[in-house]
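Step one of this worksheet: look at the structure below.
Each value in this text was obtained by applying a stated rule to the coordinates, not by laboratory testing. Bear in mind that the values here come from a model prediction, so they are computed numbers and not experimental data. Cβ atoms come from the backbone with ideal geometry, glycine included; neighbour counts cover every protein chain shown.
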Amino acid sequence: DGDTFKYYADGQWKRSTSGNSMTVINPTSRSTYYKLSVCTKEEMDHMFDAAREAQRAWARVPLWRRAEALHKAAALLKQNKDVIAECLVKEVAKPAKDSVTEVVRSADFIDYTAEEGIRILSEGKCLVPDSFPGNERNKLCLSSRIPLGVVLAIPPFNYPVNLSVSKIAPALIAGNAVVVKPPMQGSVAALHMIQCFHLAGFPKGLISAITIKVADLGDALTTHPAINCISFTGGDSGIAIAKRAGMVPLQMELGGKDACIVLDDADLDLAAANIIKGGFSFSGQRCTAVKIVLAMDTIANKLVEKVNVKVARLSVGPPEVDSDITPVVSESSADFIEGLVMDARQKGAKLWQEYRREGNLIWPILIDNVRPDMRITWEEPFGPIIPVIRIRTIEEGVQHCNSSRYGLQGCVFTNNIHRALIVSDAMETGTVQINSAPARGPDHFPFQGLRDSGIGSQGITNSIHMMTKVKSTVINLP
Ligand code: G3H
């Protein structure tokens, strides 16, 4: 079928021998927009064999040449930003401007990674032995970082390009090969991004992109014996992957329930603006979205009023015209979000806006007077709804945040830096933002979650470290 996108292996775009295809549904029109190949187990095995072989040679390519190739891919990505952004608009309904931003951010990510790789990987260590009891000065230990081998990269639908690149670039600069399994919605954007790496001239087999039916081949992929590292961003399926992974280093980022704690001395305009940005950007479909507001009851009414004024100003519609709120990724996601709203309403929460849905498009809502028995208190909606809980003490807010099974980020709004630091210290999350909404970037900052939010740490420097190992050579002197 000429309309079906090919997969990428051996430095070529290939048609799968399965002859089968699967569809990418446009979340706005809810009709088929693109078709993808369904790869076979044999094609997958071949990809891993080729990756292993290409990786051995790539690890010996001088570091400056690896960096040069990455810079080329980054430049190509920037040149092709509009085409790739268009795919994001159609596949995941990301607003047009944000789609372009995602591609540019990805190119910047690659450039920075190439530079950071040069810095980190050019450094080694030399240890002398006689600091440890019983040793003489009769040997030297030289250590430097070596690649892990083949990295399996599994990015999510909400950043199909950026969260692919944030795995591919550190893997490649460190001398690894990569097999990418793009998210179903977002595959075509990711395949276009892979074409930029293809045009940049990376050796054949070093990078592959596989499109599979996860129900059929997902387990075989994530437990493949050729894998030396898994970098995954997504939902709870990551927990199952981690349990089955075996002796393989993992970098997992599995979502969050980021709390926004607003104290009684906070700048409420600043807090309201950040609740809007943090809660409703990309219609709440970010792992770092503000997913619960914990407001001191002395200022809660004022805060809610300010947020409501801003909610009324949000535009709701298709991504092509840069609406603030766009359709969520799938019908099942919209149904799930609706279920959370109905549950809260039925249990007595106050909906400040009327609940409205057309297809996958859900109008933004602030849900007030939320209580612990409501699902929205604990579950991650990944949609344009923000629950508010009123708290009497700071401790109550912190305790709520720490009771979540997630621990990605959190934020606190206050004009008292001492209180901010005390809250930050007490919040059990990977990052706490003071007076700003949670966010992963800038992309060289460490990014990590506690509990079910993940394993390991990301950010450019940490990813390069994570995708390498220390290797030592000990010279024993005569
Ligand atoms: O969805 C998960 C992303 O890692 C969040 O990234 O904070 O840049 O939106 P972001």
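The ranking of ILE422, ILE210 by Cβ neighbour count inside 10 Å, starting from the fewest, reads ILE422, ILE210. Note on SER122, SER281, SER29: ascending count of other Cβ atoms within 10 Å places them as SER122, SER29, SER281, the fewest first.
On the beta carbon distance between LYS41 and LEU351, with R0 = 51 Å, the FRET formula returns roughly 0.60.
When you count the other C-beta atoms within 10 angstrom of each residue and take the mean per peptide, 96-106, 11-21 line up highest first as 96-106, 11-21. Put the Cα centre of region 395-474 next to the Cα centre of region 160-229 and the gap is 26 Å. Shape summary of region 153-245, radius of gyration then Dmax from alpha carbon positions: 12.6, 37 Å. Taking the three principal axes of the alpha carbon atoms in region 232-329, the coordinate ranges are 52, 37, 14 Å, sorted in descending order. Short to long, the 10 Å bins of the Cα pair-distance histogram for region 295-388 hold 16, 47, 31, 6, 0 percent of all pairs. Please report how far the C-alpha centroid of region 19-84 lies from that of region 90-121, rounded to the nearest whole angstrom. Measuring centre to centre over Cα atoms gives 15 Å.
Quick one: Debye curve from the C-alpha atoms of region 1-72, no solvent, what's log10 I(q)/I(0) at q = 0.15, 0.17, 0.18, 0.22 Å⁻¹? Values returned for q = 0.15, 0.17, 0.18, 0.22 Å⁻¹ are -0.70, -0.79, -0.83, -0.95.
The mean sequence distance of close C-alpha pairs (under 8 Å, at least 6 residues apart), as a share of the length of the chain, puts its relative contact order at 18 percent. Dividing the mean sequence gap of close Cα pairs (under 8 Å, 6+ apart) by how many residues region 342-478 holds gives a relative contact order of 15 percent.
The order of the peptides 185-196, 160-171 by mean Cβ neighbours within 10 Å, most packed first, is 160-171, 185-196. Along its principal axes, region 407-478 has C-alpha extents of 64, 23, 23 angstrom, given from the largest down.
Diffusion coefficient (Stokes-Einstein, Kirkwood radius over C-alpha pairs, 20 °C, 1.002 mPa s) for the chain: 91 µm²/s, rounded to a whole number. Ellipticity at 222 nm from helices only: DSSP H runs of n ≥ 4 in the chain, each -39500 (n - 2.57), divided by the residue count, give -12500 deg cm²/dmol.
Among ILE120, ILE173, sorting on how many other beta-carbon atoms sit within 10 Å of each Cβ, with the fewest leading, yields ILE120, ILE173. Rounded to the nearest 20, the size of the Cβ-charge dipole of region 82-134 about its Cα centre is 120 debye, with Lys and Arg at +1 and Asp and Glu at -1.
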